[in-house]
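Every read-out reported here was derived from the displayed coordinates using simple, explicitly stated rules and does not represent laboratory data. Here the structure is a predicted model, which is why all the values come from computation and not from measurement. Glycine also receives a Cβ, built like all others from the backbone with ideal geometry; neighbour counts cover every protein chain displayed.
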Amino acid sequence: VQLQASGGGAVQAGDSLRLSCVASGFNFGLFYAGWFREAPGKERELVAAISWSGNTTEYGDSVKGRVTISKDNTKNTVYLQMNSLKPEDTAVYYCAAAKNFRGVLSGGRPDYWGRGTLVTVSS
């Protein structure tokens with residue numbers, strides 16, 4: 001089982017980034033997925049979550065209106081499109097997968113975690 005995240009990098013405030021997370025080793029199409037982030041000195045927080053079908057999404061309050069999560073089950077991939085990035089978005093971003101929606105929401109316990117990808121936003 002593996003979740004491989006990519007797409008992080010160093011950008012300027014106001015820029016956009018798209019993170020990708022490719023799943024392997026399990027039936028990703030039946031799993032709910034989410035993106036979390038962890039900034040230095042802060043707890044891990046929910047960025048966005050999506051249902052197994054992609055029809056339902058949830059967003060963290062700090063990113064609503066600036067990010068979009070999507071899921072392509074034909075490619076076993078979940079994406080996070082981030083626009084209008086701010087310095088406070090600087091964090092390590094992790095993708096996760098769970099057998100139910102609760103598992104990828106705030107306070108949930110995903111079944112699988114991927115390695116993080118670092119996003120650094122400078123002002």
Using a Förster radius of 22 Å, what is the FRET efficiency between residue 68 and residue 106 based on their Cβ-Cβ separation? Nearest 0.05, please. 0.75
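Count neighbours as other Cβ atoms within 10 Å of each site's Cβ, and list the GluC sites (Glu not before Pro) in the range 32-123 that are DSSP loop with at most 13 such neighbours.
For GluC sites (Glu not before Pro) across the range 32-123 that sit outside H, G, I, E and B with at most 13 neighbouring Cβ atoms in 10 Å, the list reads 43.
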The chain: Lys pairs at Cα distance under 22 angstrom, eight or more positions apart or on different chains: 5
May I ask you to list the residues of the range 53-91 whose amide nitrogen lies under 15 Å from a point 7 Å from Cα along the Cα→beta-carbon direction of residue 12? 84-87
Where in the chain lies the longest segment free of trypsin sites (Lys or Arg not before Pro) that are both loop residues by DSSP (not H, G, I, E, B) and have at most 13 other Cβ atoms within 10 Å? 1-41
